[in-house]
Amino acid sequence: MARKSEEDAHDALARAQDLIYDAWEAGTARRRIALAEEALTISPLCADAYVLLAEHAKPSSDEELNLWRRGVEVGRQALGDAAFEEYVGEFWGFLETRPYMRARFGLARALWARGVQGEAIDHLRDILRLNPNDNQGARYVLAALLVEAQRDHDLALLLKDYPDDGAAAWSWTEALAAFRRAGDCKESRARLTQAVTDNGHVVAYLLGERPVPKSLPSYISPGDEDEAIYYVVDFRAGWANTPGAIDWLRLVTSPRKTVERQARSRSRPQ
């Protein structure tokens, strides 16, 4: 009898998840919310329904935070304790874990937005413990939080955990970490040179020469402006709160303006 009940719950969760897939494709927020609410009537363990509802809740509201928390709770309940032992290290590779992981990542970001740094950091570190391949990009958010929290030792360890990360967000963070560690020196300048090579658009946004758009880009392309925007949204507070970092960035990259002015001058008709 217990096995039958377990199978029924599993089938109900699968049907609820199918509704969430439909919700992701829905054309309006109202329709997405309606489908998420319907999914919860089919299975109260549908974590992705809470994820979707949280994404449509008022940012930084108690309602939003509670929805993220509820998503984590039911996601863990749906998986069962055994999954957290059997799947650790490759968590994202099992499809049934992903609603829980989405909910937990969303909870971490919501906590960060409310200034609850410690709990947000704990969630992100555990996400990386469960899934060190980091399909969600949790390490970038964690790095930004560690900078803001001035946990430089933990940041250094995190950077060492992903030595082959080729994303501009990583090289820019390595440059900031080097400056925080030793100020203006050969290493920090070399790191910054590499960061600018990876994505030079970041400079103008960090220096306030370009405003960050209110609506974030839909996609991120390596080396492009959209990648720079996403980096600055998460890391500008860390740069601004690091004494001397913005002035150092302006100083070291000042030849960039001369080159740009010369290029514009050459492009003008004579």
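The values are calculated or read from the model by the stated rules, or taken from the named source; none is laboratory data. No experiment lies behind these values; they were computed from the predicted model shown. FYI the Cβ positions are ideal-geometry reconstructions off the backbone, even for glycines, and counts take in every protein chain you see.
Give just the number: which of (1) among the aliphatic types (A, V, I, L, M); (2) loosely packed, with under 14 Cβ neighbours inside 10 Å; (3) at pLDDT 95 or above does MET1 not satisfy?
With (1) among the aliphatic types (A, V, I, L, M); (2) loosely packed, with under 14 Cβ neighbours inside 10 Å; (3) at pLDDT 95 or above applied to MET1, the lone miss is (3).
Here are ASP11, ASP81, ASP48: which of them is at pLDDT below 95 and either out of contact with any Asp or Glu (no Cβ under 6 Å at 6 or more places or on another chain) or hydrophobic (A, V, I, L, M, F, W, C) (or both)?
ASP11
Taking only the range 114-124 into account, find how many residues are surrounded by fewer than 17 Cβ atoms within 10 Å (Cβ to Cβ) and closer than 20 Å to ALA47 by Cβ.
2
Against the definition (outside any helix (DSSP H, G or I) and closer than 25 Å to ASN133 by Cα), how does ASP81 come out, yes or no?
When the stated conditions are applied, ASP81 passes them.
Is there a residue being modelled with pLDDT of 95 or more, over 16 Å from VAL252 (Cα atoms) and part of a helix (DSSP H, G or I) anywhere in the range 179-194?
Yes, because at least one residue in the range 179-194 is modelled with pLDDT of 95 or more, over 16 Å from VAL252 (Cα atoms) and part of a helix (DSSP H, G or I).
Matching residues to (1) aliphatic (A, V, I, L, M); (2) surrounded by 13 or more Cβ atoms within 10 Å (Cβ to Cβ); (3) without any contact (Cβ under 8 Å) to a residue 60 or more places away in the chain; (4) touching a helix residue (DSSP H, G or I) at 6+ places or on another chain (Cβ under 6 Å):
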site: ALA29; (1), (2), (3), (4): yes, no, yes, no
site: HIS56; (1), (2), (3), (4): no, yes, yes, yes
site: GLU64; (1), (2), (3), (4): no, yes, yes, yes
site: GLY80; (1), (2), (3), (4): no, no, yes, no
site: LEU107; (1), (2), (3), (4): yes, yes, yes, yes
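Residue-by-condition table, conditions (1) buried (at least 17 other Cβ atoms within 10 Å of the Cβ); (2) in contact (Cβ under 8 Å) with a residue 12 or more places away in the chain:
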residue	(1), (2)
LEU157	no, no
ASP161	no, yes
SER171	yes, yes
GLY200	no, yes
PRO217	no, yes
PHE235	yes, yes
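Quick one: is LEU142 within 30 Å of SER61 (Cβ to Cβ), assigned to a helix (DSSP H, G or I), at pLDDT 95 or above and touching a Leu at 6+ places or on another chain (Cβ under 7 Å)?
In short, yes.
Identify all residues within the range 242-270 that are in a loop (DSSP other than H, G, I, E, B) and modelled with pLDDT of 95 or more; write none if there are none.
THR242, PRO243, GLY244
Give the residue, chosen from TYR21, TYR50, that is free of Cβ contacts under 8 Å to residues at least 24 places away in the same chain and assigned by TED's automatic domain parsing to the domain that holds TYR100.
Only one candidate qualifies: TYR21.
Quick one: which of ASP165, ASP184 is in the same structural domain as ILE220 (by TED's automatic domain parsing) and surrounded by 13 or more Cβ atoms within 10 Å (Cβ to Cβ)?
Every option except ASP184 fails the conditions.
Would you tally the residues in the range 178-201 being closer than 14 Å to ALA245 by Cα and either in contact with a Gly (Cβ under 6 Å, 6 or more places away or on another chain) or not hydroxyl-bearing (Ser, Thr, Tyr) (or both)?
11
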